[in-house]
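The values are calculated or read from the model by the stated rules, or taken from the named source; none is laboratory data. For clarity, every value in this text was computed on a predicted model and none was experimentally measured. Ideal geometry is used to build each Cβ from the backbone, glycine not excepted, and the neighbour counts take in all protein chains shown. The protein model used for the area step is the full one, side chains on, heavy atoms only, and it has no ligands, DNA or RNA in it. Shrake-Rupley method; radii C 1.70, N 1.55, O 1.52, S 1.80 Å.
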Amino acid sequence: MELFPEYAGWVRRNPPGKLLRQLGRTPLVEEAGRRIGALPVAELGSLTNESSFTATIAPLDSRHQWSLGTAEQLVLQALVSGRKVRTAFEIGTFNGGTTRLLAEAVPEDGQVVTLDLPPAAFDATQTPEGFTGTDVGRAYHDSPAAGKVKQLLENSLSFDPKPYEGQFDLVLVDGGHEYEHGMADTATALRLVAPGGIILWDDFEPYWHGLVRGICEAMQGRALHRLSGTSFGVYVQP
Ligand SMILES: C[S@@+](CC[C@H](N)C(=O)[O-])C[C@H]1O[C@@H](n2cnc3c(N)ncnc32)[C@H](O)[C@@H]1O
């Protein structure tokens, strides 16, 4: 006989191991919150030279739980327009929904390079709902701007940015979400970004404490900011 049958469901959903793991996370999440809270805040208006712009709302069938947030997609397009971004590099293609928006936002002679894991490595390590490694990038393939996109299928942890060094007006870091990705992808972004270019990190939030720690450590001594009203971390290369 169960003593408190009304709580039986809750106990099943929250076994002791899960509760202990959650408790263990708490100080790490708090530390990430302190790191982020200590950073200066950049306003969108300080990062763009335009006060208005035209934007595209991502097609519904390109939206997924893993996609950049709708607000972040709009801010991204404001920055592409206001900073006259011609070249962009995205770490973390996923379904290609944001790749599509970038490609359509850069000018006719612009280019977007986007990087994600090869299909087999994707399927071995990633588990998004209703999506497999062969779907990576699919959402931009039928865009009229698809010709501006170069899709790379490589692990960002072993990616060599040398052929692309210093070439990108905008780098969007939205790949793996662990500490090692924060460190490695930030080091890569710093090599990819052109003088005067901008780097954005998505999910720069306490929940992703390992990612946040990696980014902050790799950005030590540089003017990393958080972008007001968004989940972006932001840096402008002098
Ligand atoms: C949050 S999703 C990216 C969402 C995408 N930027 C968008 O807005 O639609 C993160 C992506 O990073 C990729 N990723 C994770 N670890 C990676 C790695 N080591 N190298 C390359 N890509 C990686 C995942 O496969 C996944 O597609």
Point to revise | Residues of the range 1-42 satisfying the condition of being under 30 Å from G96 (Cβ atoms) and outside any strand (DSSP E or B) | key: A32, I36
Review point. Before we move on, is S51 away from the ligand (no atom under 16 Å from the Cβ), farther than 17 Å from G233 by Cβ and either surrounded by 18 or more Cβ atoms within 10 Å (Cβ to Cβ) or aromatic (F, W, Y) (or both)?
Key: no
Check your understanding: In the range 105-131, what count of residues is obtained for those that are open to solvent by 80 Å² or more (accessible area, probe 1.4 Å) and outside any helix (DSSP H, G or I)?
Key -> 5
Check your understanding: Do the conditions hold for F94, that is, is it near the ligand (Cβ under 9 Å from one of its atoms) and free of Cβ contacts under 8 Å to residues at least 24 places away in the same chain?
Key -> no
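For the range 43-81, what are the residues that are part of a helix (DSSP H, G or I), under 25 Å from G137 (Cβ atoms) and among the small types (G, A, S)? Before the answer, list the steps.
Of the residues in the range 43-81, the ones part of a helix (DSSP H, G or I) are 44-46, 60-62, 70-81.
Next, from what is left, pick out any that are under 25 Å from G137 (Cβ atoms): 60-62, 70-81.
Scanning the range 43-81 gives S62, A71, A78, S81.
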Review point. Can we say F94 is in contact with a Phe, Trp or Tyr (Cβ under 6 Å, 6 or more places away or on another chain) and assigned to a loop (DSSP other than H, G, I, E, B)?
Key: yes
**Study point:** Boolean, R100 is away from the ligand (no atom under 12 Å from the Cβ), modelled with pLDDT of 95 or more, at negative phi and open to solvent by 20 Å² or more (accessible area, probe 1.4 Å)
**Key:** no
Practice item. Within the range 190-204, track down each residue that is within 13 Å of the ligand (Cβ to nearest atom) and surrounded by 24 or more Cβ atoms within 10 Å (Cβ to Cβ). Key: L200, W201, D202, F204
Review point. Got a number for residues in the range 152-176 being within 8 Å of the ligand (Cβ to nearest atom) and surrounded by 18 or more Cβ atoms within 10 Å (Cβ to Cβ)?
Key: 5
Exercise for review: Can you run down the residue pairs with Cβ atoms below 6 Å, 6 or more apart or on separate chains, where the first is in the range 170-185 and touching a residue at least 24 places away in the same chain (Cβ under 8 Å) and the partner is of a type in the set (S, T, Y)?
Suggested key: G175/S156; D185/S156
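Scanning for something without any contact (Cβ under 8 Å) to a residue 12 or more places away in the chain, open to solvent by less than 60 Å² (accessible area, probe 1.4 Å) and not aromatic (F, W, Y), does the range 31-38 turn up at least one residue? Spell out the reasoning first.
Residues of the range 31-38 that are without any contact (Cβ under 8 Å) to a residue 12 or more places away in the chain, as a first pass: 34, 37-38.
Within this subset, residues satisfying the condition of being open to solvent by less than 60 Å² (accessible area, probe 1.4 Å) are 37.
Next, only the ones that are not aromatic (F, W, Y) stay: 37.
Within the range 31-38 (the criterion being without any contact (Cβ under 8 Å) to a residue 12 or more places away in the chain, open to solvent by less than 60 Å² (accessible area, probe 1.4 Å) and not aromatic (F, W, Y)), the answer is yes, since at least one residue qualifies.
Quick one: would you say T134 is of a type in the set (S, T, Y), part of a helix (DSSP H, G or I) and within 13 Å of the ligand (Cβ to nearest atom)? Step through it out loud before you land on a result.
Numbers: of a type in the set (S, T, Y): yes; part of a helix (DSSP H, G or I): yes; within 13 Å of the ligand (Cβ to nearest atom): yes.
For T134, the condition - of a type in the set (S, T, Y), part of a helix (DSSP H, G or I) and within 13 Å of the ligand (Cβ to nearest atom) - is met.
Could you tell me how many of the residues in the range 205-225 are of a type in the set (A, V, I, L, M, F, W, C), open to solvent by 50 Å² or more (accessible area, probe 1.4 Å) and assigned to a helix (DSSP H, G or I)? Give the steps one after another, and end with the answer.
From the range 205-225, those of a type in the set (A, V, I, L, M, F, W, C) are 208, 211-212, 215-216, 218-219, 223-224; that's our starting set.
Now restrict to residues that are open to solvent by 50 Å² or more (accessible area, probe 1.4 Å): 208, 223.
With assigned to a helix (DSSP H, G or I) added as a condition, the list becomes 208.
So the answer is 1.
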**Study point:** Selection within the range 65-89 - within 16 Å of S231 (Cβ to Cβ) and either in contact with a Cys (Cβ under 6 Å, 6 or more places away or on another chain) or within 12 Å of the ligand (Cβ to nearest atom) (or both)
**Key:** Q65, W66, S67, L68, G69, T70, E72, Q73, L76
Practice item. Kindly check whether there is at least one residue in the range 226-234 that is open to solvent by 10 Å² or more (accessible area, probe 1.4 Å), part of a loop (DSSP other than H, G, I, E, B) and among the hydrophobic types (A, V, I, L, M, F, W, C). Key: no
